[in-house]
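Trainee: Have a look at the structure that comes next, please.
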Amino acid sequence: MQYVTTSNGVKIPQLGYGVFLMTSKDVHEHLPQALELGYRHIDTANAYFNEVAVGEEIRNSGIPREEIFLTTKLFPASYGKDVCMHDIDASLKRLDTDYVDLLFLHHPYGEYLQAWPILEQALAEGKTRTIGLSNFPLDKIGQIANNATVFPQVMQVEMNPRHNRHELKAALAGHDVAFEGWYPLGHGDPELLHMPVFEELAAKYGKSTAQIIERWHMQEGNIIFPKTMSVEHMKANMDIFDFALTDEEMARIDAIPQKPYYTVPDEPPEFFMARYDYSTQVRPFTNTALKKD
Ligand SMILES: NC(=O)c1ccc[n+]([C@@H]2O[C@H](COP(=O)([O-])OP(=O)(O)OC[C@H]3O[C@@H](n4cnc5c(N)ncnc54)[C@H](OP(=O)(O)O)[C@@H]3O)[C@@H](O)[C@H]2O)c1
């Protein structure tokens with residue numbers, strides 16, 4: 001496995017397993033397969049409503065907790081001063097752990113300015129090993145940074161060959177930020193997976209187009225956690241460390257016209273702001289995926 005090291009020296013496995021849109025039943029079925037295959041990095045969120053299942057499967061695996069890099073995220077209704085630390089503790093309880101390895105503010109809405117110092121406190125108290133922002137645009141990153149003691153150590157954003165984030169990376173260069181990419185395979189978009197450049201490189205290297213895209217991510221320094229419920233794809237997604245794209249091939253992929261799948265809206269969708277009872281572990285909202293533009 002390759003690792004990306006954060007500004008405070010924490011090593012993040014560059015390839016992990018994401019559990020977005022997986023029910024607790026899905027997690028019970030597929031997370032053990034991923035752990036068995038060697039995945040040691042899991043990306044969840046309180047709003048995925050599967051933290052209990054994730055915690056149970058980590059515990060059941062017998063793998064020492066410190067060998068797993070575990071991420072969760074707080075939905076915006078958890079940002080207020082009165083609830084934030086309580087909700088961090090509630091996530092830890094559901095995950096059946098004393099700490100997570102990475103804790104995010106999931107979306108750039110509501111009382112995020114109040115929440116950041118509480119994440120800093122959680123970091124100082126050892127409830128998380130790193131803290132970061134997910135889906136935050138540059139202006140709101142700046143607002144947080146202006147009042148921060150700890151500059152966000154990790155940014156999680158949509159990132160794939162159609163949204164390579166070179167501008168955001170350039171804007172934050174010098175802050176030693178680790179970048180994580182969601183929708184690393186464009187949420188499985190066949191149009192992306194069958195682009196001629198990926199078909200050509202897949203034939204050249206004897207890999208699938210998904211593996212070519214994942215290899216591009218590795219060479220870009222991106223941390224990714226493709227989601228799959230297929231054991232074959234889990235294996236394939238780990239099998240990307242025995243070849244390398246040339247500089248010219250990387251440049252061809254970098255030249256793909258940019259067209260994000262999702263535009264972070266200025267105003268939040270209503271379901272982003274509601275306060276949920278996470279003890280149910282059944283997702284109460286009906287979105288199946290973030291909207292494709
Ligand atoms: N912070 C945020 O707001 C945010 C938003 C979205 C996602 N995320 C995180 O990012 C993770 C990944 O995003 P995602 O799951 O939406 O999208 P993704 O990983 O880009 O795509 C998942 C799709 O790719 C397919 N796939 C996986 N491996 C494949 C392979 N080797 N060959 C062909 N197809 C393959 C899967 O289908 P099969 O099941 O058939 O393999 C699935 O349909 C999430 O699970 C979550 O942890 C975060």
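Trainee: Scattering from the C-alpha atoms of the range 213-268 alone, worked out with Debye: what is log10 I(q)/I(0) at q = 0.12, 0.30 1/Å?
Mentor: One equal scatterer on each Cα of the range 213-268 leads to -0.42, -1.20.
Trainee: Quick one: of 81/169; 207/235; 127/169; 81/127, which pairs are farther than 20 Å apart, Cα to Cα?
Mentor: 81/169; 127/169
Trainee: Related question: Need the C-alpha centroid separation for the range 199-256 versus the range 79-129, integer Å.
Mentor: Each part's Cα centre sits 33 Å from the other's.
Trainee: Helix 24-36 against the longest principal axis of the chain: what's the angle in degrees, Cα atoms only, rounded to the nearest 10?
Mentor: Roughly 60 degrees, rounded to the nearest 10.
Trainee: Can you pull the one-decimal nm distance between simple spin-label points at residue 246 and residue 25, each 7 Å off the Cα toward Cβ?
Mentor: 5.0
Trainee: Let me ask you something else. For a quick check: with amide H placed at 1.01 Å from N, whose amide H comes under 5 Å from residue 18's, ignoring anything fewer than 5 positions away on the same chain?
Mentor: When sequence neighbours closer than 5 places are left aside, the close amide H contacts are 43, 227, 228.
Trainee: While we're on this one: At most 14 other Cβ atoms within 10 Å and a DSSP loop assignment: could you name the chymotrypsin sites (Phe, Trp or Tyr not before Pro) in the range 239-284 that fit?
Mentor: Hits after loop and neighbour filter: 241, 243.
Trainee: Debye sum, Cα scatterers, the chain, no solvent: what log₁₀ I/I(0) at q = 0.12 1/Å?
Mentor: Summing over Cα pairs of the chain leads to -0.75.
Trainee: Determine the principal axes of the Cα atoms in the range 168-210, then give the extent along each, sorted from largest to smallest and rounded to whole angstroms.
Mentor: Sorted from largest, the Cα extents of the range 168-210 read 38, 21, 13 Å.
Trainee: Contact order normalised by length for the chain, with contacts defined as Cα pairs under 8 Å and 6 or more residues apart; what percent is it?
Mentor: Over the chain, the number comes to 20 percent.
Trainee: Shifting gears a bit: Per-residue ellipticity at 222 nm for the chain, helices alone: DSSP H runs ≥ 4 residues times -39500 (n - 2.57), over residue total, nearest 500 deg cm²/dmol?
Mentor: That calculation yields -10500 deg cm²/dmol at 222 nm.
Trainee: Also, I was wondering about something else. Once the convex hull of the alpha carbons of the range 148-293 is built, what does its volume come to per residue, in cubic angstrom?
Mentor: Expressed per residue, the convex hull around the Cα atoms of the range 148-293 is 167 Å³.
Where a number appears in this text, it was derived from the coordinates with a stated rule and is not lab data. In this text, all values refer to a predicted model and were calculated from it rather than measured experimentally. Here the Cβ is made from the backbone with ideal geometry for all residues, glycine too, and neighbour counts use every protein chain on show.
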